[in-house]
Amino acid sequence: MSEQKSQDWLDKPANQRKIRMSLYIACGILFLLDLIVKRKVYVAAEQLPGFYPIFGFVACVVLVLIAKEMRKLLMRGEDYYDVDR
């Protein structure tokens, strides 16, 4: 018996490229809109072009780094939930 795995639509490289390109285009459009749309700012840094994407990226990286350190404190041993202690 030869079993062939059917590929999902996301497994095909052409579809992955389409999704990636559409995300790049959406990010580019949003960045251009950020330059055009005037908004009320409360802090001077908010006036910088691309402030919110940069802020979001930095915040995400900081969260990941904090989570890595928290893992060291909260991690349990492999046999923590074993029944026969």
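The values are calculated or read from the model by the stated rules, or taken from the named source; none is laboratory data. Just so it is clear, the model here is predicted, and its values are computed rather than measured. Cβ: placed from backbone, ideal geometry, glycine included. Neighbour counts: every protein chain shown.
Of the conditions (1) modelled with pLDDT of 85 or more; (2) in a loop (DSSP other than H, G, I, E, B); (3) loosely packed, with under 10 Cβ neighbours inside 10 Å, Q4 fails just one. Which one is it?
The failed condition is (1).
Inspect segment 60-82 for any residue being surrounded by 10 or more Cβ atoms within 10 Å (Cβ to Cβ) and at pLDDT below 85 and give the result as yes or no.
no
Report yes if some residue within segment 41-52 is within 18 Å of the chain's Cα centre (by Cα), polar (S, T, N, Q) and at pLDDT 85 or above; otherwise report no.
No, segment 41-52 has no match at all.
Across segment 25-46, what is the number of residues that are in a helix (DSSP H, G or I) and surrounded by 10 or more Cβ atoms within 10 Å (Cβ to Cβ)?
11
Could you grab me the full set of residues in segment 9-24 that are assigned to a helix (DSSP H, G or I) and surrounded by 10 or more Cβ atoms within 10 Å (Cβ to Cβ)?
Residues satisfying the conditions are N15, Q16, R17, K18, I19, R20, M21, S22, L23, Y24.
Does S22 meet the test of being at pLDDT 85 or above and of a type in the set (S, T, Y)?
yes
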